[in-house]
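The values are calculated or read from the model by the stated rules, or taken from the named source; none is laboratory data. Note that this is a predicted model, so its numbers are computed, not measured. Methodologically, a virtual Cβ is constructed for each residue, glycine included, from the backbone with ideal geometry; neighbour enumeration extends over all protein chains shown. Note: accessible area is taken over every heavy atom of the protein model, side chains too, but ligands, DNA and RNA are not part of it. Shrake-Rupley method; radii C 1.70, N 1.55, O 1.52, S 1.80 Å.
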Amino acid sequence: MTGTQRTAIVTGAARGIGAAIALRLARDGFAVGIVDLHADQCAQTVAAIEEIGGRAVAAGADVSRPDQAADAVEHINDQLGGALVLINNAGVTRDNLLFKMTDDDWDSVMEVHLRGSFLMARAAQRCMVDAGWGRIVNISSTSALGSRGQVNYSAAKAGLQGFTKSLSVELGKFGITANAVAPGFVVTDMTRASAERIGISFEEQVEKAVARLAVGRPGRPEDVANAVSYFVSDEAEFVSGQVLYVAGGPRG
Ligand code: NAP
């Protein structure tokens, strides 16, 4: 660890919202561990951070695998100094109406969002407890409030909110806060893929989403990163167990 620079870990940070969070935390002064399925996919995010004079390392891991999650945390702690911030952002969708949803659709979404966040938090908490300071932010979704074709995803994202609240109860006495950010419609590869799946153009999907939004524009990854940056800050030390909807309106 150089000087007093703190380390943050962001999962699913090869692209999309995770990459924006990683870059924002680097701008905020953190060294950043970039976790995604394959280390080489993280090169672009690492390069973007180094371009602004930051420090970053990549770790390839499937966060739903206990050994890989633990190894990724250990690798980042070794390379950058013990991480005091964890952002559980890695995610997948396997949308389908209930009667067509397969066991695998259900399991894979639960595994990445819920099991992955649990495994990463369990591996990362030790350094935070030792330091008496830590921040965990879990990326939920407006889908937690109910979403057609997403019984798996909405259950996982609602589950993450309960997970967050319990983390905040358990870890508060160690100076660790846990909060959730629940984005609405954000322009990323994930929303692009969902337009493709339902057979409409991405432009049409964006237009439909914006029509429902009070602020009249779609979400950007940076909107989510700004909220994460607040929860991670020293100023937010009395804010814990909360869910912040970042959705361009009351519900997204
Ligand atoms: P994205 O563009 O699909 O990025 C997700 C990243 O997570 C990808 O790089 C993906 O790798 C990685 N990932 C998937 N499974 C993983 C695993 N098991 N271990 C490690 N990494 C894994 O998605 P996004 O739109 O940025 O979404 C980021 C988060 O925000 C997700 O939790 C999502 O549910 C949530 N969210 C998104 C929106 C939205 O509108 N976009 C709204 C609400 C919430 P691969 O590319 O190799 O699969």
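A few comments on the model shown:
- Only one of the listed residues (Asp107, Asp95) is in the same structural domain as Gly60 (by TED's automatic domain parsing), within 15 Å of the ligand (Cβ to nearest atom), surrounded by fewer than 16 Cβ atoms within 10 Å (Cβ to Cβ) and of a type outside the set (A, V, I, L, M, F, W, C). That residue is Asp107.
- Among the conditions (1) crowded, with 19+ Cβ neighbours inside 10 Å; (2) at pLDDT below 95; (3) assigned to a helix (DSSP H, G or I), Ser168 misses just one, which is (2).
- Subset of the range 232-245 that is in a helix (DSSP H, G or I) and either free of Cβ contacts under 8 Å to residues at least 24 places away in the same chain or of a type in the set (Val, Ile, Thr) (or both) - its residue that is least open to solvent (accessible area, probe 1.4 Å): Val232
- For Ile76, the conditions (1) more than 29 Å from Ser233 (Cα to Cα); (2) open to solvent by less than 70 Å² (accessible area, probe 1.4 Å) are fulfilled apart from (1).
- Top-ranked residue in the range 70-92 [being away from the ligand (no atom under 14 Å from the Cβ) and small (Gly, Ala, Ser); ranked as farthest from Ala155 (Cα to Cα)]: Gly81
For every residue, the table says whether it meets (1) in a helix (DSSP H, G or I); (2) among the β-branched types (Val, Ile, Thr); (3) under 24 Å from Ser229 (Cβ atoms).
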{"position": "Ala90", "(1), (2), (3)": "no, no, yes"}
{"position": "Ser108", "(1), (2), (3)": "yes, no, no"}
{"position": "Arg122", "(1), (2), (3)": "yes, no, no"}
{"position": "Arg148", "(1), (2), (3)": "no, no, no"}
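- Test: residue in the range 175-185 that is in a loop (DSSP other than H, G, I, E, B), in contact with a Phe, Trp or Tyr (Cβ under 6 Å, 6 or more places away or on another chain) and not basic (Lys, Arg): yes
- Pairs, first in a helix (DSSP H, G or I) in the range 194-211, second exposed (fewer than 12 other Cβ atoms within 10 Å of the Cβ), C-beta under 7 Å, six or more apart: Ala195/Ser201; Val210/Gly216
- Qualifying residue in the range 54-62 (condition: in a strand (DSSP E or B), within 14 Å of the ligand (Cβ to nearest atom) and open to solvent by 40 Å² or more (accessible area, probe 1.4 Å)): yes
- Taking the range 31-53 as the range and being buried (at least 22 other Cβ atoms within 10 Å of the Cβ) and within 16 Å of the chain's Cα centre (by Cα) as the test, the residues that pass are Val32, Gly33, Ile34, Val35, Asp36, Cys42, Thr45.
- Of all the listed residues (Lys100, Lys173, Lys157), the sole one being within 14 Å of the chain's Cα centre (by Cα) and among the basic types (Lys, Arg) is Lys157.
- Qualifying residue in the range 223-231 (condition: open to solvent by 70 Å² or more (accessible area, probe 1.4 Å), away from the ligand (no atom under 15 Å from the Cβ) and in the same structural domain as Ala90 (by TED's automatic domain parsing)): yes
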